[in-house]
Amino acid sequence: MDINSFKIEDFYVESLGETKVESPLYKSYSGTEIVKEFVKDDQRVLYDASLESFKKAMESGNEPISFEKAGPRKDLFFNPANTKAAIVTCGGLCPGLNNVIRSLVMGLYYRYGVKNIVGIPYGYQGLNPEYGHKFINLTPEVVKDIHLFGGSILGSSRGRQDISMMVDTLERNNINMLFTIGGDGTLAGNYVIAEEIERRGLKIALAGLPKTIDNDVNFIQKTFGFETAFTTAAPILRDAHNEATGAYNGIAIVKLMGRDSGFIAATAALAMPDVNFVLVPENEFELKGENGFLNSLKQRVMERNHALVVVAEGAGQNLFTGGDVVKDASGNIKHKDIGLLLKDEIGAFFKEQGMEATVKYIDPSYIIRSEPANPSDSIFCTSLAMNAIHGAMAGKTGFVVGRWNNVFTYLPIPVATKTRKKIDVNGELWWSVLESTGQPMNMK
């Protein structure tokens, strides 16, 4: 992610038009007992909040890169009494989906008085009438307990649908705002829908909420579900460590999700510092050779008679040769199974070395992503949902809600989806992993 490849204007969110409706929050927030300061559109959050960056901006006279601050606006674009909202969840499951759905419904219904809310079933498929999926009426009674469960009550799907057909569906059903909950592919789809809506001259707000346990959305500190994912993974690593130490030269391999970014593997390893090797997509490694992974693993086992290896699903793809490139319905490359490769290669290597070894392989990925949100993620989901509502009601469109420097922001979707956020192998997170595991910096 090179911030210099962006212009200042890239970070300004689009709006549907002039805001003329007084927010119903104004009366409840401006009484004698409660005083709430509404956010103005010119309030912004600096990308780089360091003193050094501030001084450079002052010296150059150039406006620094910043993001629009999220929050309630005093004046709205939509009249709540005449507003119909829709919610859709796309892509793979993720902890917190039901929390976000619940918070969107509760916030729209009780805080703004929007009574007409529908859920679109099975992702963007639900906007394609050819599938025959029926909209779900969402009320506080319907969603009041869904946060207690993992998954999504709306269901989900991957893959693209015809943009014109989806906008036809929104227009035909008189939907004024669409909340899309998903990762970079979903968000990119959100923006393409917003462009078609603008081309037709329609007044429909498109708001995105960043859902991916991989935590790989640009200019967003944390995506919802990520914290639950590594928190759930940590005790699995503990148990894998116990399994490894329970056998002479025991080796446990745990594969965690992380197609292109290894944040879950790295963070879970820091949370459970019994891990000896963390393999991530950002740090290419080789199996064989004096400095390769297998030889480094051998040295570890010779010293301590056990080892715990954590590998992200997208790590080590350079080790596979031949075969066709296969993509999923969303257009993402389906990676080869690095976990099974490591299991086979480690077993064969120790046999060649004449060393006894017991290798165990654990893949808890689909269990982790189906977990209910933990308390911290639950709080985060509620804040994301409320800020998405504030933005959409004010007529903002084509944006995703995020958090930067611990402040909630509105970010134009194109800058969030231009590239994936990845671990900086020269940054603090990766250095912390190296210090915790003791693994070599490079295994090539």
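Each value in this text was obtained by applying a stated rule to the coordinates, not by laboratory testing. In this text the structure is predicted, and so the values were computed from the model without any measurement. Cβ coordinates were reconstructed from backbone atoms using ideal geometry, including for glycine residues, and neighbour counts include every protein chain displayed.
At q = 0.18, 0.21 Å⁻¹, what base-10 log of I(q)/I(0) does the Debye formula yield for segment 41-178 when every alpha carbon is treated as an equal point scatterer in vacuo?
Computed log10 I(q)/I(0) values: -1.02, -1.22.
Between K444 and E37, how many nm apart are label points set 7 Å from Cα along the C-beta direction?
5.0
Need the C-alpha centroid separation for segment 51-76 versus segment 199-213, integer Å.
Their Cα centres are 24 Å away from one another.
What's the long-distance tail for segment 48-128, i.e. % of Cα pairs beyond 14 Å? All intermediate terms of the calculation are to be shown ahead of the outcome.
Details: 2418 of 3240 pairs.
Here the long-distance tail beyond 14 Å is 75 percent of all Cα pairs in segment 48-128.
How much length would be gained if the chain were fully extended between L340 and Q353, taking 0.36 nm per residue of separation minus their Cα-Cα distance, in nm to one decimal?
Result for the pair: 2.7 nm of gain on full extension.
What length, rounded to one decimal in nm, is gained on full extension from S432 through to E9, with 0.36 nm per residue of separation minus their alpha-carbon distance?
Difference between extended and current length: 148.7 nm.
Helix 226-245 versus the longest principal axis of the chain: what is the Cα-based angle in degrees, 0 to 90, to the nearest 10?
Roughly 10 degrees, rounded to the nearest 10.
Which order results if D75, D377 are arranged by neighbouring Cβ count within 10 Å, fewest first?
Placing the least packed residue first, the sequence is D75, D377.
Per DSSP helix of 4 or more residues, -39500 (n - 2.57); summed, then divided by the residues of the chain. What does that give at 222 nm, rounded to the nearest 500?
That comes out to -10500 deg cm²/dmol.
In degrees from 0 to 90, rounded to the nearest 10, what is the angle of the helix 97-106 Cα long axis to the longest principal axis of the chain?
20
Hey, how much of the P(r) for segment 250-409 falls beyond 26 Å, as a percent of Cα pairs?
43
Between K288 and S60, with labels modelled 7 Å along Cα→Cβ, what's the label distance in nm to one decimal, could you check?
4.9
Rg (Å, one decimal) plus Dmax (Å, integer) for the alpha carbons of the chain?
23.8, 80
Nearest 10 degrees, 0 to 90: what angle lies between the long axis of helix 184-200 and the longest principal axis of the chain (Cα atoms)?
30
So, by mean Cβ neighbours within 10 angstrom, what's the order for 157-169, 348-360, 107-119 with the highest one leading?
The peptides rank, most packed first, as 107-119, 157-169, 348-360.
Test of understanding: in a Gaussian network model of the chain with alpha carbons linked when under 10 Å, which of N137, N190, N283 would top the mean-square fluctuation ranking?
N137
When you have a sec, figure out the Kirkwood radius of segment 211-260 from all distinct Cα pair distances and drop it here in Å to one decimal?
12.5
Which of the aspartates and glutamates could a cross-linker bridge to K336, judged by Cα under 13 Å and excluding same-chain residues fewer than eight apart?
Reachable aspartates and glutamates: D260, E313, D324, D328.
Taking 0.36 nm per intervening residue step and subtracting the Cα-Cα distance, what contour gain separates S53 from Q221 on full extension?
That works out to 58.6 nm of additional length.
Hey, rough spin-label estimate for N406 and F149, points 7 angstrom out along Cα→Cβ, what's it come to in nanometres?
Output for this residue pair reads 3.7 nm.
Under Stokes-Einstein, with the Kirkwood radius over Cα pairs standing in for Rh, what whole-number D in µm²/s applies to segment 144-185 at 37 °C and 0.692 mPa s?
Values: Rh = 12.9 Å.
Taking Rh from Cα pairs, D becomes 254 µm²/s.
For segment 1-126, what is the number of Lys pairs with C-alpha distance below 21 angstrom, counting only pairs 8 or more positions apart or on separate chains?
20
Could you run the Debye sum over the Cα atoms of segment 125-196, one equal point scatterer each and no solvent, and tell me log10 of I(q)/I(0) at q = 0.13, 0.24 Å⁻¹, two decimals?
-0.44, -1.32
Taking only pairs that are 8 or more places apart or on different chains, how many Lys pairs in segment 209-318 have Cα atoms under 29 angstrom apart?
6
What percent of all Cα-Cα pairs in segment 398-444 falls in each 5 Å bin, counting up from 0?
Spelled out per bin, shortest first, that is 5, 17, 16, 16, 13, 12, 11, 8, 2.
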